[in-house]
1. Checking His120 against (1) surrounded by fewer than 18 Cβ atoms within 10 Å (Cβ to Cβ); (2) outside the structural domain of Gly229 (by TED's automatic domain parsing); (3) more than 25 Å from Arg51 (Cα to Cα); (4) of a type outside the set (Gly, Ala, Ser), which test does it fail?
2. Can you confirm whether the stretch 171-192 contains a residue that is modelled with pLDDT of 95 or more and in contact with a Pro (Cβ under 6 Å, 6 or more places away or on another chain)?
3. Need pairs with beta-carbon distance below 6 Å; first residue closer than 22 Å to Trp56 by Cα and in contact (Cβ under 8 Å) with a residue 40 or more places away in the chain and within the stretch 80-105, second part of a strand (DSSP E or B) and among the hydroxyl-bearing types (Ser, Thr, Tyr); sequence gap 6+ or separate chains.
4. Among the residues of the stretch 94-145, how many are of a type in the set (A, V, I, L, M) and under 23 Å from the mean Cα position of the chain (by Cα)?
5. Within the group Gly213, Gly222, Gly187, which residue is within 25 Å of Asp158 (Cβ to Cβ) and either crowded, with 19+ Cβ neighbours inside 10 Å or of a type outside the set (A, V, I, L, M) (or both)?
Amino acid sequence: MGIRPGQALIGVVVLCGLLLGACGGGDGDAPAAAPATTASTTPTPVREGPRSAPRWETVTTLSGTGAVRTAAFEILPDAIQWRARWTCASGTLTVLTDPPPRKPKPLIDAPCTEGSGTDHAIHTGSIALDVTATAGWEIAIDQQIDFPLDEPPLAGMDAGAVVAQGSFYDLENKGKGTARLYQLPDGALALRFEDFEVTQNTDLFIWVSESTGPKNSADAVGTPYVQIGNLRSTAGNQNYLLPAGLPAGKARSIVIWCAPVSIAYAAASLAAP
């Protein structure tokens, strides 16, 4: 029996969905790594130009004991959603938002025997929480956004020397922008990506590689490297501190690696300016 045109189209859609989702939703075979150390400044959102893969950024962390009305926090108007990650040790925890969502209901209504949980909302703007609790509690507020990260240079980058730099190029996916390796006045090494963009996905990692110019995933994985942490945004300007003790001479390229499917998305060869 032949395949009908509709059946063929469904098969293509399903296959594309599997390929696009291959790098998200889990740790896969990714080696364990601590998050990269970042700047202490608050990023300024950029709402024009390319969109990034959705990411979570912490807005504030609130805590108290018993019934409390919290200070207001701001959820950006173009945030996709926001979440409250809560913990409490005993009793119950009930949290209302002011203003309430379109269909009013508690943001959190749970017994503390659960210990912790996460609840989501989508209304934006200035929001305060009315907390009713019988013991101590803590609530971390995060918002999910999909516009490029725009970090200013780290303190000392203007005075620091550019040790090496290069432009991102395509490997298994698209990549563009500039990578610069700085030696800061205190001797630390730091990476800065500018006008950076890579194919959107989650679970992407940054490798500092000894390869002088990887041409494919096999080149990248077959050469010694140090994984410095998760890529925090698939677009924009961003900073990363390198681990102490990593020699600048071993940083010959930067690789953006997708761990669950073991492919190199993009790379930048580093050379003295």
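The values are calculated or read from the model by the stated rules, or taken from the named source; none is laboratory data. Bear in mind the structure is a predicted one, so any value in this text is a computation, not a measurement. Note that we place each Cβ from the backbone using ideal geometry, even for glycine, and neighbour counts take in every protein chain shown.
1. His120 satisfies every listed condition except (3).
2. No: the stretch 171-192 contains no residue that is modelled with pLDDT of 95 or more and in contact with a Pro (Cβ under 6 Å, 6 or more places away or on another chain).
3. Arg83/Thr118; Arg85/Thr118; Thr87/Ser116
4. Final tally of qualifying residues: 6.
5. Step by step, each of Gly213, Gly222, Gly187 is checked, and only Gly187 is within 25 Å of Asp158 (Cβ to Cβ) and either crowded, with 19+ Cβ neighbours inside 10 Å or of a type outside the set (A, V, I, L, M) (or both).
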